[in-house]
Structures are given as structure tokens and as C-alpha cells.
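Enquirer: One structure coming up, written as C-alpha cells, with questions to follow.
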Amino acid sequence: MKEYGKIKKLSGLLSSRQMSCEELTRMYLDAMESENETLNAYVSYTADLALETARRVDAKAAKGEALLPLEGIPMTLKDNISTKGMETTCCSKILKGYVPIYDATVWQILQKQNAVLLGKTNMDEFAMGSSSETSCFGGALNPHDISRVAGGSSGGVASAVGGNLAVYGLGSDTGGSIRQPASFCGLVGLKPTYGAVSRYGLIAYASSFDQIGPIASSVEDAALVYDAISVYDEKDSTSRGKTEPASAALQNDIRGMKIGVAKEYFEGIRGDVNDALQQVIRVYESLGAEIVRFGMPSLKYSLPVYYILACAEASSNLGRYDGIRYGFQAEHYSDPNDMVCRTRSEGFGDEVKRRILLGTYVLSAGYYDAYYKKAQNLRGEIVNAFQGAFEQCDVMLAPTVPMTAFPRNFTAKDPVETYQTDICTVPVNIAGLPAVSVPCGFDEAGLPIGMQLIGARFCEAKILNAAYQYEAATRETTFRAAETGVRL
Ligand code: GLN
């Protein structure tokens, strides 16, 4: 079977010393120098660290020592993943100048593998948004068409990987922020099961939804990164780690696999996205999978449930930014109360303020039962609906986004219209399930279309297996990730 992964290919070149890691790293750093100004994918560079790590990898390869799977591979982290001694801003003015004193667990794991961190990437402020345009650094652009956004909130990671300014990156997904930008940029984005990857050191947006995961340009690469980062961590009380390595299962035969299609996912999606998904169904049928169709009526509550609960959690999580402990502090104030008030008024952007207000509203006495409690109850309904679905099928197939990449400034028009575009991604966060977005075609303008494969809890291996088989069958046609230049 033809392999499309870049990580194994590069790792082979490094260990056989056909290419030095320093050389490889410099190629990426040079590309960032010339192309990041256009894409706005990176918000900070870590060139010294990258070259220092690269030299360490070269020394190891020179001694003939075996390299670890991600060793020496140039990558990036979304700027809400804490990096000790390196500014971590969540692309918010309120965290400008904040330098964490500890590392996120995922970054600790990657450092042990000598991953080459090139820089931190752009995102919507505190991961709230769908275009990365709520970033205080401005939006990250789509490498397929720079009049379009890369998506959000992990838009910087997708822009960097899609523009070949990193081999892979880690993003976070609370309501679609890994899968939606991956879909917009023609990439593979995996949102793991809640609890599969440690959230320690991920700056919290909505803690019962947040999960870290990879964005890469092939299923194999996403699986390799997922396998490396999905380990139990005692520092995250919701951590469980994974059960089986996903990369070992990629080539399994999918004949007889039951693929569930819930009709609610297909209501209101654009015609060309629907056509692409119908074609995917035909591909799976030709691979011997069985399509099982059913309804999940409670999915219609997903958007209000997500926006009520995520905002409630955000209003609590963001209470800590008081101008004393982290980053920015207002310059002029009369007393401590005034300082906190001015810091928050000047430090947060409009979208973050909107969500804090919405969150405190749904949690306030008198409204708690009507909104927060009702949403919690409906969350249970959605969890049950998925449980019922996975009694009938092995994996589910759905669109990732009802459309393709937005033009710039689309999300500035109407927040509710933007929230509605999250309709296909939020259900799995509500239920804590894993889902991978995979490229499955292009629209008339040449913009990538994405599909999701959704699994039961901790069934990452199964969805990645189904994704891999689709990639193998269609890579030369509909599954086309960015594959430009000498950087492989
Ligand atoms: N677009 C969604 C939101 O605005 C998802 C964000 C995310 O997953 N971090 O909340």
C-alpha cells in the first residue's frame, strides 16, 4: 500500500543521515521567514530552540542510535498550550507577556521525543471562534486561497501545516477547533476522546469539552502523533490515556464495518458538500463497508447546549484574569477594583466578553434552571443518542462543516450565523467522543471539503482505520492535502 505519511519518510531520511535535522529545520525556518507574513500562521518563532534540538537529533543519528517516532520532526503548537519560558498568549491582549512557569504535559512528552518546535501558532482569542479572526494578531489565512480564512480556532496550526510551514501541529478542540480548520485547509484533524490526551497546561476555555489533538497532512501522521500524546497523566483528573495504538490498526480490512449515517447531520448542509459525502458513501460501499441509516432527533439541541454550557464554563475559567497574576494590567486606575475592571475591559476582545456575559447570565439565580440545568439534561440526551447509535454501527460518517472556508471577515457580520456553522462539530464534544476530519473533495472554487468519522469512546483506532482506508482509496483524487515544495 502506498504510504502518504511525511513523518516516517522524514524520520527515515534523518536516521539514515541522507538529510541532517539541522538542514531540515532550516528549510522550515526559511519558509516561515518568507511565507508567514502572508499566511499569519505563526505568532511567535522558536528558531533557537528548534536548531538546538535539531543538533541534538543529528548527534544521536551520527552515533547510530535509533530515533523515536517524532524525533527531529518540525512541528508547531497552538498558542494556548503552555510552554515553560516561552510566551503563551491565547492570542489575547490580556495574556500578552505571560510566560508560563511550567510545560503542558503534551509538550513535555514531545520534548522527550526531541520534537522540533518551530513556533507557536495563531488562534481565535481563548479558542472562541471559527475563523481565527478574533485573534489579537489578526486572522490566519488559508494556504489554498488567501482570500479565505484557515478556520478556527486552531487556524494557525492548519495554516502552517497546510502551507507546509510545519509537518504537524497540536491544536485544541472544544466545539470543532481542530476538525473545522483541518477541513478548511484540506488536512486531517483528530479530536480525541475526552480524557485520552492530558489537558494539563492547556489554557482552559470550557473544561468539560476541551481536548488537545493533532492536525497533519495524512491519516498516518495524525495517528502517529495521537499515539505519542495519548498517555495517562496524573496531573489531569479526567485523564485516562488510550487503550490500543491507533497506528497499528490503520491497515485493517474494513469489509463488513458498519458505517452509521444519521440524517440530521445532512440537513441544511450545502449541496456540493452533500454531494461529496454521498460520493464518500459510495467509496466505502466499494470497500465492502455496510452503510446503516438512522435518525438522531436530539442532535437538534446540540448548538444551544454547546453554547450555553461552553459559555458558562468559560465565564468561570476566565475569572482568573484579573491583571494581578497574568500578563496585561491596565495602566491607569483609581483602586484595585477599578484596576480589575479596566484590565478586563481593555484586555478581552468583544467575542470573549460576549461569551463571559452569556455564561454569567445562564448561571445567575433565576436563569440557572431555565438554561444551565436544562442544557445539562439535554447533554445527557445527546450522550444517550450516541450510545444508541453505536449499538447499530462501528463508526459514524458526517460532514465536518456545512460549507467550505469562509471569505475573510465573514464571521464579523453576525455571531449567531457563525455559531450555526459549528452544527456538525459540536455534538461529539458534548458527548466526549473521538472524531477525525478527513479531506473528501473540493468545491467549484477549488476549496477543500471535509468529512468526519466519529467513534464510540476510545475508539480512535477504529475511526483512523476507516479514515486511512478512505485515504488509500482516494488520495490521488479527492483526498489531496497540501503537498508543495522541497520540504516534502
Ligand atoms: N467554533 C467553536 C466556538 O466558537 C469551537 C471553538 C473551539 O473548538 N475551541 O466555540
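Enquirer: Once the piece of chain linking Arg255 and Thr477 is laid out straight, how much longer is it, given 0.36 nm per residue of separation minus the C-alpha distance between them?
Expert: Difference between extended and current length: 77.7 nm.
Enquirer: For a Förster distance of 51 Å, can you work out the FRET efficiency between the beta-carbons of Asn377 and Arg17, rounded to the nearest 0.05?
Expert: 0.30
Enquirer: Pull up the cross-link candidates among the lysines for Lys373, meaning alpha carbon to alpha carbon under 22 Å and not fewer than 8 places away within one chain.
Expert: The reachable lysines, counting only those whose Cα sits under 22 Å from Lys373, are Lys300.
Enquirer: Moving on. Which shape class applies to the chain: rounded if a/c is under 1.5, otherwise prolate when a/b exceeds b/c and oblate if not, where a ≥ b ≥ c are the square roots of the Cα gyration tensor eigenvalues?
Expert: In terms of gyration-tensor shape, oblate.
Enquirer: Rounded, prolate or oblate for region 397-465? Axes are the square roots of the Cα gyration tensor eigenvalues, ordered a ≥ b ≥ c, and the cut-off for rounded is a/c under 1.5.
Expert: In terms of gyration-tensor shape, oblate.
Enquirer: Which pairs, out of Lys78/Lys191; Lys78/Lys112; Lys8/Lys60; Lys84/Lys353, put more than 21 Å between their alpha-carbon atoms?
Expert: Lys84/Lys353, as the Cα separations exceed 21 Å there.
Enquirer: Right, another one. If you average the sequence gap of Cα pairs under 8 Å that are 6 or more apart and divide by the length of region 307-369, what percent do you get for the contact order?
Expert: Here the relative contact order equals 47 percent.
Enquirer: Let me spell out the model: positive unit charges on the Cβ of Lys and Arg, negative unit charges on the Cβ of Asp and Glu, origin at the Cα centre of region 1-144. What dipole size does that give, in debye rounded to 20?
Expert: It comes to approximately 540 debye.
Enquirer: Would you compute, from DSSP H runs of 4+ residues alone, the mean residue ellipticity of the chain at 222 nm, taking -39500 (n - 2.57) per run and dividing by the full residue count, rounded to the nearest 500?
Expert: Per the formula, -11500 deg cm²/dmol.
Enquirer: Any chance you could run the full-extension gain for Val292 through Ser334? It's 0.36 nm times the residue separation minus the Cα-Cα distance, nm to one decimal.
Expert: The Val292-Ser334 span can extend by a further 8.7 nm.
Enquirer: Another question, if that's okay. Given an 8 Å cut-off on Cα distances and at least 6 residues of separation, report the relative contact order of region 156-237 as a percent.
Expert: That works out to 34 percent.
Enquirer: Suppose a student asked you for the relative contact order of the chain, using Cα pairs under 8 Å spaced at least 6 residues apart; what percent would you report?
Expert: Here the relative contact order equals 18 percent.
Bear in mind these aren't lab numbers, they're just calculated from the coordinates by the rules spelled out. Keep in mind the model is a prediction, meaning the values are calculated, not measured. We place every Cβ from the backbone using ideal geometry, glycine too, and count neighbours over all the protein chains shown.
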